[in-house]
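Beneath this line is the structure, given in structure tokens, with notes to follow.
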Amino acid sequence: MSEERALAALAGLPHTVLRHGPVASLEEAAVARGVSPAAVVKTLVVRRGAGDYLFVLVPGDRQISWPKLRALLGVSRMALPPADEALAATGYERGTITPFGSTHAWPVVADERMAGRTVTLGGGAHGVAVLVAADAVVPALRAILADVTEADGTTPNG
């Protein structure tokens, strides 16, 4: 089960497992988890090329800045893969994706706005998240911490 794989990969990293019912939006997820929208970190799978992916950790009140991400990685093209491709690349369905326990250890880029915060990440299954210190997540995932997002015009600031 993907939830068990994700939670097992968090062994040794202080965290709290949060379980809640179905949510239809990031705002609902924030309420269900008892955090601000900015603390609901989205794990996005980005395709750099055929069979070449990475995870981007994006605070809930932000979105990927494609120019910033391309500049950081030195690439000219990237895209979000279709849901079935993201599942094949990670072992997780959209809405449950986490770098922890992914079927492949893709590189991770974390937006610098996570630093110093307590955040929630997907827990490998719908309605499951983990509450964890971002300052522990970044080194555990060997993530690059960088400015790779911009304000999300569709999500209220949290």
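The values are calculated or read from the model by the stated rules, or taken from the named source; none is laboratory data. Small disclaimer: the values here were computed from a predicted structure and weren't measured. Quick reminder, even Gly has a Cβ in these numbers, built from the backbone with ideal geometry, and neighbours come from all protein chains shown.
Comparison of A24, A39, A50 shows that the only residue that is closer than 19 Å to A134 by Cα and small (G, A, S) is A39. In the stretch 79-86 there is at least one residue that is more than 18 Å from A134 (Cα to Cα), without any contact (Cβ under 8 Å) to a residue 12 or more places away in the chain and not hydrophobic (A, V, I, L, M, F, W, C). Screening Y92 with (1) modelled with pLDDT of 95 or more; (2) under 16 Å from the mean Cα position of the chain (by Cα); (3) within 23 Å of A146 (Cα to Cα); (4) of a type outside the set (V, I, T) gives one miss only, at (3).
Might you let me know whether the stretch 16-30 holds any residue that is of a type outside the set (D, E), in a loop (DSSP other than H, G, I, E, B), crowded, with 18+ Cβ neighbours inside 10 Å and within 12 Å of the chain's Cα centre (by Cα)? For the stretch 16-30, residues of a type outside the set (D, E), in a loop (DSSP other than H, G, I, E, B), crowded, with 18+ Cβ neighbours inside 10 Å and within 12 Å of the chain's Cα centre (by Cα): absent.
Yes/no matrix, rows are residues, columns are (1) out of contact with any Pro (no Cβ under 9 Å at 6 or more places or on another chain); (2) within 16 Å of H126 (Cβ to Cβ); (3) without any contact (Cβ under 8 Å) to a residue 24 or more places away in the chain:
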| position | (1), (2), (3) |
| --- | --- |
| M1 | yes, yes, no |
| L7 | yes, yes, no |
| L13 | yes, no, no |
| G21 | yes, yes, no |
| V46 | no, no, no |
| S65 | yes, no, no |
| A89 | no, no, no |
| Y92 | yes, yes, no |
| S102 | yes, no, no |
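Here G158 fulfils each of the conditions (1) surrounded by fewer than 18 Cβ atoms within 10 Å (Cβ to Cβ); (2) within 25 Å of S25 (Cα to Cα); (3) in contact with a Gly (Cβ under 7 Å, 6 or more places away or on another chain); (4) modelled with pLDDT of 95 or more apart from (4).
Looking at (1) within 24 Å of A50 (Cα to Cα); (2) modelled with pLDDT under 95, which is the one condition that is false for G153? Result: G153 fails condition (1) only. Scanning the stretch 68-80 for residues that are under 16 Å from the mean Cα position of the chain (by Cα) and crowded, with 16+ Cβ neighbours inside 10 Å returns a single hit, L69.
When the test is whether a residue is crowded, with 21+ Cβ neighbours inside 10 Å, touching a residue at least 12 places away in the same chain (Cβ under 8 Å), within 20 Å of I144 (Cβ to Cβ) and out of contact with any helix residue (DSSP H, G or I) (no Cβ under 7 Å at 6 or more places or on another chain), V35 does not pass it.
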